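Below: the structure, in structure tokens.
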Amino acid sequence: MTDQSPKIPQTVPRQSATFTNEINSEIRRAAATGIYDIRGGGAKRKVPHFDDLLFLGASISRYPLEGYREKCSTNVTLGTRFAKKPIELDIPVTIAGMSFGALSGNAKEALGRGASLAGTSTTTGDGGMTEEERGHSKTLVYQVLPSRYGMNPDDLRRADAIEVVIGQGAKPGGGGMLLGQKITDRVAEMRTLPKGIDQRSACRHPDWTGPDDLEIKILELREITGWEKPIYVKIGGTRPYYDTTLAVKAGADVVVLDGVQGGTAATRDVFIEHVGLPTLACIRPAVPPLRHSCIHSCGLDTSWHAVRICRAASGLWRDAFTQRASRQVPFIVQAEAGTLCSLS
Amino acid sequence: MCGIVGLFLKDSALEPQLGALLTDMLVTMTDRGPDSAGIAIYGGAEAGKWTITVQSANPDADFATLEADLAAALDAPVKMTIKDTHAVLVLDADKADAARAALKSLRPDLRIMSSGESIEIFKEVGLPADVAARFEVSKMSGSHGIGHTRMATESAITTMGAHPFSTGPDQCLVHNGSLSNHNSLRRRLIREGMTFETENDSEVAAAYLSWKMANGADLGGALEASLDDLDGFYTFVVGTKDGFGVLRDPIACKPAVMAETDQYVAFGSEYRAMVNLPGIETARVWEPEPSTVYFWKH
Amino acid sequence: MQTFDLEADGLRALNSTLHAQKESTNATAWEIINPKGSHALAVGVDAPLDITVRGSTGYYCAGMNKLATIRIKGNAGPGVAENMMSGSVIIDGDASQYAGATGRGGTLVIKGNAASRCGISMKGIDIIVHGNIGHMSAFMAQSGNLVVCGDAGDALGDSLYEARIFVRGSVRSLGADCIEKEMRPEHIEILRDLLARGECDADPSEFRRYGSARNLYNFNVDNASAY
């Protein structure tokens, strides 16, 4: 006797939405090692991004410009609130801070050259200012970070603007760890650290806490640099309304908001993916405190755009990419994204 | 985030100058707190009398006949002094509870700033110099006082959100820092019968201390206990009828400077606040240790 | 000696006058009167001037100093000589928290006590404290020397890198990865020089030396709670 019944197709086992294969593998690895993963590269989850924005074109209520004949300017001036020498940018798309150590000198040079060609600024990052970026960036923002690696008054005066970094989109409120393989001779010397160690970084500034103290820190930076340079305050996307309000009260010329998709050299995977708000979600609550202080311009700052600009502008980019790739870091530029708001 | 000043007089000869000295200290701390300012003054307690300080959004209407209305309701004498948006009501001590109830029905919109034998609290939104001038703080005398300039972090910039907070008779607290567990602690204190006027974290700290003291702790003990129950960054300065206390959290990030001479003990968020005090050049100046309760009593 | 009245002429005029002095200036001796706890006094000086502040200062006095000798005849507020590059800062009284924070060079002498976080993240500066220091001092200190003639507070040298710490008195507690180390002859010599520069006549043999155990230098899961 033979089985006459037709063969029944089988469904594949249903994958749990919570316990995906990827999550299960993470649990097994964590159980075996007893520790979280540390990585860079920014949040990999899907978040609303500038690429999701839709813009209103002109029709009846607004008149369109003839694109080839009539100019629509994109330039912005930053720092007119207090600085004697405000910054002029041709486009409101800037390159965010990325540390020397995470990026090579060639990458820093590439970013500087590309940004200068595009008429915008670059930013130093943790680890201090390199000659590569200073020499090749028309407009360079110098970060004052909790670590103060390489911090010195000469570079402060060589900068075109100063950015006090309070938080980073990838890990607002968290310190981090730069893995030893990145602490090369040059990085170690710039940071006054032993070569090859896993460098821990602090979550708070060493010499002030809170907006009342920040106001005094900003005063000191202005006095050292003769009130010439715009002072930015960079915050991670956490409580954008309050944080922006307090940055304005503390005397910032510019507030830089860095959303959860922003990159980092290294912290816990769970921190990168689960702490912070997307930049787009931060903009709306951050605007009222800026409006109260007469916001002048509001631009976008995404390194995806920066990457495109740099790629087009600089043949050096490929070299930089190759260098990064050889160190097994997944991205050239961490997917930095933020909003730059100017006060006056 | 804020500026705090405090002055506890040991030498009664300085008492007529308390308001003037505190005003100078308060105004110096404007940069640390430009949003609102407040001051608690402990004047001389009159035997058998009780002082209630109230605030109104419509002082002209609310205060016009308040003295007579309250006296009638209590069937006892009431003396009222109006200072801008605030009024100080002095009545017989045994009428204190009745007066609170009467005020609630006579003028439901009035806000009680402080209540006690010697405390008066004045606070408003605005620059510290303007707030001090509106209440003529510089003319006030007293044995000790605490002032605060506020840079609001998360709760609203309102009169009731200004410091000092008073949650018990003759008690007040000012705070620089921010508490992380104030919402859960507020719910716990509400279950214990405490009432709150604001969403402010500092009010929770004040109510916590009042609750501890209402349950038998002295101020020192209440402050000790807060080290376990309050989570966050804080420098507190607290006042009672005859005392003055200081506490910093275990991390102690927020600044605090103290100065002591034979005449006074002074507190400032910065030394700058104390530079015009008499004899400051030779005072013992130090920074309070973390997790350590400091307390002075008359 | 040129005298600058801070109250009359203001902070901006003070700092811009000091910044205008070049190395070859004849006006090398300056006196600042009426500081009254003001902030950012004599910051970013970049010339071998000798500056005396008559009174107590607020935040960040002598911040990022290069080459100058700055004397404070009073107490110093938070962050005195922060990120100093070279030169020296001498405080007659006490120093508030963060004294010498992130300093990269030069000498900071505190004749009184220092509050919490003295020498936090120091990167090459030498700090000599005649009195005591507060909690969390030399947190993440990377390089340089911290000398304490009195006692040290809690969590001394937490997450220490390569800075050296010498303490004569007691240490309330050591921070993560900070240990006592043997005081060898070369350390006595280093300390003798530091004490001389710090205008301190203490005997180097009375001090103990603390440094990094270097257990946190490369990540190890067994130390996870110490990070």
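Brief remarks on what is shown
- Options B:D130, B:D109; residue that is assigned to a loop (DSSP other than H, G, I, E, B) and either within 30 Å of A:G173 (Cα to Cα) or not small (G, A, S) (or both): B:D109
- Unmet requirement for B:A76, which otherwise passes all of (1) surrounded by 21 or more Cβ atoms within 10 Å (Cβ to Cβ); (2) touching a strand residue (DSSP E or B) at 6+ places or on another chain (Cβ under 6 Å): (1)
- Matching residues, region A:265-291, being of a type in the set (A, V, I, L, M, F, W, C), at pLDDT below 85 and within 28 Å of A:K182 (Cα to Cα): A:A265, A:A266
- For C:T102: the one exception among (1) under 26 Å from A:S147 (Cβ atoms); (2) open to solvent by 10 Å² or more (accessible area, probe 1.4 Å); (3) hydroxyl-bearing (S, T, Y): (2)
- Those strands (runs of 3 or more DSSP E) of region A:196-263 in which 3 or more residues are crowded, with 24+ Cβ neighbours inside 10 Å and away from every other protein chain (no Cβ under 12 Å) occupy A:231-236, A:254-258.
- Restricting attention to region C:2-32 and to residues that are open to solvent by less than 50 Å² (accessible area, probe 1.4 Å) and among the aliphatic types (A, V, I, L, M), the residue that is farthest from the other protein chains (Cβ to nearest Cβ) turns out to be C:A29.
- Search result, residues across region B:260-298 that are facing chain C (nearest Cβ under 9 Å), touching a strand residue (DSSP E or B) at 6+ places or on another chain (Cβ under 7 Å) and under 15 Å from B:V246 (Cα atoms): B:G268, B:E270, B:V285, B:W286, B:E287, B:P290
- Test: residue in region A:23-36 that is outside any loop (DSSP other than H, G, I, E, B), within 30 Å of A:E223 (Cα to Cα), away from chain C (no Cβ under 14 Å) and open to solvent by 60 Å² or more (accessible area, probe 1.4 Å): no
- Taking the listed residues B:D109, B:D97, B:D84, the one that is charged (D, E, K, R) and under 21 Å from B:M140 (Cβ atoms) is B:D84, with no other qualifying.
- Filtering region C:116-130 to residues that are away from chain A (no Cβ under 12 Å), open to solvent by 10 Å² or more (accessible area, probe 1.4 Å) and out of contact with any helix residue (DSSP H, G or I) (no Cβ under 8 Å at 6 or more places or on another chain) leaves only C:H130.
Results for (1) open to solvent by 20 Å² or more (accessible area, probe 1.4 Å); (2) closer than 25 Å to C:P35 by Cβ, shown as yes or no for each residue.
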residue	(1), (2)
B:R248	no, no
B:C253	no, yes
B:Q263	yes, yes
B:F267	no, yes
B:E281	yes, yes
B:R284	yes, yes
B:E289	yes, no
B:H298	yes, no
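- Among the numbered conditions (1) within 30 Å of B:I157 (Cα to Cα); (2) part of a helix (DSSP H, G or I); (3) out of contact with any Ser or Thr (no Cβ under 6 Å at 6 or more places or on another chain), the only one that B:D62 does not meet is (3).
- Pairs with Cβ under 8 Å, 6+ apart, first in region B:202-213 and β-branched (V, I, T), second part of a helix (DSSP H, G or I): B:V204/B:H182; B:V204/B:L185; B:V204/B:R186; B:V204/B:L189
- Test: residue in region B:26-36 that is in contact with a Gly (Cβ under 6 Å, 6 or more places away or on another chain), more than 13 Å from every other protein chain (Cβ to nearest Cβ) and open to solvent by 10 Å² or more (accessible area, probe 1.4 Å): no
The values are calculated or read from the model by the stated rules, or taken from the named source; none is laboratory data. None of these values were measured; they are calculated from a predicted model. Here Cβ is always computed from backbone atoms with ideal geometry, including for glycine, and neighbour counts include all displayed protein chains. When the accessible area is computed, the model is the full protein with side chains, heavy atoms only, and any ligands, DNA or RNA have been set aside. Shrake-Rupley method; radii C 1.70, N 1.55, O 1.52, S 1.80 Å.
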